[in-house]
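Enquirer: Next up is a structure, given as structure tokens.
The values are calculated or read from the model by the stated rules, or taken from the named source; none is laboratory data. Treat the numbers as computed from the prediction; the structure is a model and nothing was measured. Cβ: placed from backbone, ideal geometry, glycine included. Neighbour counts: every protein chain shown. The accessibility values were calculated without ligands, DNA or RNA, using every heavy atom of the protein model including side chains. Shrake-Rupley method; radii C 1.70, N 1.55, O 1.52, S 1.80 Å.
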Amino acid sequence: VMTELQVKNPNVFITDTVNVSAFAVISIFVSTFMMRTKILRFMAESENRDLLDMIKTESLTDELTGIGNRKSYEYQFNKYTHVSNNRDFIYVSLDLNGLKTVNDTMGHAAGDELIKGAADCIKQVFSPYGNVYRIGGDEFAAALFINDEKYEELRSDFDRTVSEWEGEYNDHMFIAVGAASIHQYPDASVNELTKIADKLMYTDKGRYYSLKGHERRGRQKANDV
């Protein structure tokens with residue numbers, strides 16, 4: 001019957017064909033629109049994630065040096081408090097010597113160069129083995145997951161790297177260093193290790209100023225030299 005109808009009235013066949021074609025076009029359009037919407041939504045979500053990641057990274061990064069800042073230091077040290085004494089862990093305290101003198105006599109561009117130079121040396125030597133931070137104006141720290149023997153090797157590399165450093169304004173740099181490991185002080189907490197390392201760093205700084213002929217009386221005096 002349908003065949004006869006279509007033969008007798010070919011417009012019916014044409015109409016059906018047009019309808020099917022129109023439906024197919026509409027379906028393709030809707031599918032394309034939905035796919036485009038999903039893609040745009042995915043791109044927006046990805047961009048938001050990337051933006052959030054960028055904001056988080058920037059908030060935890062020292063702007064001048066590109067290493068971890070004080071906020072990053074405090075955030076990550078919550079993890080370090082759970083380091084057990086059967087794991088390799090060394091806290092290193094580092095401090096630039098003579099930064100105030102450079103700022104006062106040569107300008108802050110020269111002082112910034114020293115800070116960036118110190119960060120570069122610290123990052124180059126220590127960052128493959130842990131995390132490094134700038135926690136103050138001329139104060140730095142490193143949390144390293146290595147044994148004492150490896151640290152001594154790195155310390156020699158660090159001393160050499162610092163001695164070979166040279167900038168545009170400064171032809172030398174001196175950094176006081178103190179370190180304390182969980183194997184050296186098995187009963188100490190991570191917080192106590194930081195205090196031990198700080199004390200050793202100030203002892204090292206005192207030796208430097210003694211050799212330079214400066215008397216050192218407390219932290220403020222050191223920053224004034």
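Enquirer: Would you kindly state how much longer the chain becomes between residue 207 and residue 105 on full extension, computed as 0.36 nm times their sequence separation minus their alpha carbon distance, in nm to one decimal?
Expert: On the way: separation 102, 0.36 × 102 = 36.72 nm, distance 2.31 nm.
So the extension gain works out to 34.4 nm.
Enquirer: Another question about this same structure. List the GluC sites (Glu not before Pro) in region 110-202 that DSSP assigns to loop (not H, G, I, E or B) and whose Cβ has at most 14 other Cβ atoms within 10 Å. Which are they?
Expert: Taking region 110-202 and a limit of 14 other Cβ atoms within 10 Å, the loop GluC sites (Glu not before Pro) found are 166, 168.
Enquirer: Once you've got the Cα coordinates, tell me which of 150/199; 100/195; 100/212 are over 18 Å apart.
Expert: On the way: 150/199 22 Å; 100/195 24 Å; 100/212 15 Å.
The answer is 150/199; 100/195.
Enquirer: Now for a different question. May I ask you to give the solvent-accessible area per residue for region 159-209, in square angstrom, as obtained with a 1.4 angstrom probe? Numbers along the way, then the final one.
Expert: On the way: 2840 Å² over 51 residues.
Dividing the accessible area of region 159-209 by its residue count gives 56 Å².
Enquirer: I'd like the carbon and sulfur percentage of the solvent accessible area for region 88-225, probe radius 1.4 Å, heavy atoms only, ligands and nucleic acids excluded. Each step should come with its number before you reach the end.
Expert: On the way: 3090 of 6860 Å².
The value for region 88-225 is 45 percent carbon and sulfur by accessible area.
Enquirer: Rounded to the nearest Å, what's the spacing between the alpha carbon centres of region 112-157 and region 158-187? Just the number, please.
Expert: 7
Enquirer: Can you compute the charge dipole magnitude of region 88-196 about its Cα centre, using +1 on each Lys and Arg Cβ and -1 on each Asp and Glu Cβ, nothing else charged? Give it in debye, rounded to the nearest 20. List each step's numbers first, then the result.
Expert: Working: 8 positive and 20 negative charges, 54 e Å.
That gives region 88-196 a dipole magnitude of about 260 debye.
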